[in-house]
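The values are calculated or read from the model by the stated rules, or taken from the named source; none is laboratory data. Here the structure is a predicted model, which is why all the values come from computation and not from measurement. Heads up, the Cβs are rebuilt from the backbone with ideal geometry, glycines too, and the neighbour counts pull from every protein chain shown. We work out accessible area using only protein heavy atoms, side chains counted, and drop any ligands, DNA or RNA first. Shrake-Rupley method; radii C 1.70, N 1.55, O 1.52, S 1.80 Å.
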Amino acid sequence: VRQLANFEFLNWLTKEAKSYAAPKQFYNIAEHIPDTKTVVKPDGPLDACWHESFRYFIIPYICGKSFELEQLKQILDPKQQGYAIATNVINYLATHDRERVLRELGNCGIFDAAAFERAKLAAALLMTAMGIPMLWMGEEFGEYQQKSEDVTKPRKINWSLLSSDQNHDLFEYYQKLIALRQQNPALQSDNIKFFYENAAEKVLAYTRWDEHNSHVVVVVNFSDQNLNQYKISDFPTADYWRDWVSNQEVKSGEDGLVTDLPSYTAKILVSDSQ
């Protein structure tokens with residue numbers, strides 16, 4: 001779309017597409033790199049834009065190459081970048097033009113169990129950030145082949161990877177995250193709030209919610225240190241919190257939440273109503 005650079009044409013194309021798609025909902029998405037708010041509604045011609053900056057910053061963070069809290073908050077909450085609503089941005093970790101997450105990690109010398117844990121962290125951020133997540137085929141079970149140099153000759157996906165315990169575990173993790181997005185309207189909303197941050201220890205916590213009292217909290221440790229019995233103050237109030245992955249009850253009090261945060265992991269908590 002950046003090469004087309006003709007909003008008059010794109011506006012015509014959007015109207016034509018929607019008229020032919022009626023009465024079905026139809027979304028016009030711009031593969032515009034770098035991403036820009038100018039191409040999306042309410043002022044632009046299209047509905048959504050590939051959110052390249054999400055991938056651009058998340059990958060170095062999970063590789064341990066950089067960390068900047070304000071930058072991180074902007075890509076998790078694209079309203080800070082000028083986007084109006086959640087459906088304006090399409091978040092992703094890899095595409096046909098970019099290397100896969102496990103290859104990016106391997107290029108940084110991160111392999112095996114450590115690489116899969118960080119791939120899970122990236123997946124948790126993808127599925128809980130404001131915006132629509134997009135998966136490049138194979139990412140959900142740890143495909144690691146180098147991207148094809150010729151897009152007309154894509155490499156076949158290595159389905160045999162699913163026979164590996166680590167790859168299958170990552171696949172099941174993605175299944176749980178997708179189920180959470182489908183079942184919890186909080187992650188489909190335009191609401192996100194960062195309620196705890198510690199730049200020195202590289203910890204960030206945020207909450208997503210909707211008008212029907214669905215709540216999801218994400219607590220992320222971006223450091224290489226295991227933070228045991230870590231206290232998170234100002235934790236949102238709920239009668240009951242549940243760890244989405246382990247399905248265990250998590251108790252919080254007036255002083256906040258005290259929990260173990262392994263290195264490079266994200267804890268996802270849902271309220272009792274979910």
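Hey, what's the Kirkwood Rh for the chain if you take every pair of different alpha carbons, in angstrom?
19.8 Å is the Kirkwood radius here.
Between the Cα long axis of helix 165-183 and the first principal axis of the chain there is an angle of about 80°, rounded to the nearest 10. Note: segment 32-89, Cα convex hull, 67 Å³ per residue.
So what is the calculated 222 nm ellipticity per residue for the chain, using -39500 (n - 2.57) for each DSSP H run with n of 4 or more, over all residues, to the nearest 500 deg cm²/dmol?
-9000 deg cm²/dmol
Here the relative contact order of the chain, from alpha carbon pairs under 8 Å that lie six or more residues apart, stands at 13 percent.
Based on alpha-carbon atoms, the Kirkwood radius and the radius of gyration of segment 106-262 give Rg/Rh equal to 1.00.
Excluding ligands, DNA and RNA, the accessible surface per residue across the chain is 51 Å² with a 1.4 Å probe.
Put simply, the amide H of LEU227, placed in the peptide plane, has neighbours under 5 Å in LEU261, SER263, leaving out anything fewer than 5 places away on its chain. If you look at the Cα atoms of segment 1-63, you get an Rg and a Dmax of 13.8, 45 Å. Taking the centroid of alpha carbons for each part, segment 190-209 and segment 38-72 are 17 Å apart. May I ask for log10 I(q)/I(0) of segment 56-110 at q = 0.13 Å⁻¹, from a Debye sum over the Cα atoms as equal point scatterers with solvent left out? Each listed q maps to, in turn, -0.39. Our summary gives segment 1-123 a relative contact order of 21 percent, counting only alpha carbon pairs under 8 angstrom and 6 or more residues apart. With Rh defined as the Kirkwood radius, the inverse of the mean 1/r over Cα pairs, the Rg/Rh of segment 206-274 is 0.96. When the GluC sites (Glu not before Pro) in segment 104-184 are filtered for DSSP coil states and for at most 13 other beta-carbon atoms within 10 Å of their beta-carbon, the remaining sites are GLU149.
No disulfide-compatible partner, judged by a Cβ distance under 4.7 Å, exists for the following cysteines of the chain: CYS49. In the chain, the longest principal axis of the Cα atoms and the axis of helix 112-128 are about 70 degrees apart. Taking a temperature of 37 °C and a viscosity of 0.692 mPa s, what whole-number D in µm²/s does Stokes-Einstein yield for segment 131-224 with Rh from Kirkwood over alpha carbon pairs? The estimated diffusion coefficient comes to 204 µm²/s. Computed over the alpha carbons of segment 63-160, Rg followed by Dmax gives 14.6, 42 Å. Among beta bridges identified by DSSP and lying wholly in the chain, the antiparallel ones come to about 80 percent. May I ask you to give the percent of accessible area on the chain that is carbon plus sulfur, with a probe radius of 1.4 Å? C and S atoms contribute 48 percent here. Taken over the Cα atoms of segment 1-150, the convex hull encloses 126 Å³ per residue. What is the distance in Å between the Cα centres of segment 12-29 and segment 96-171? That distance is 32 Å. Relative to the longest principal axis of the Cα atoms of the chain, helix 52-62 runs at roughly 30 degrees.
Under 5 Å between amide hydrogens, built in the peptide plane, is the criterion, and for VAL89 it picks out CYS49, ILE132 among residues at least 5 positions away or on other chains.
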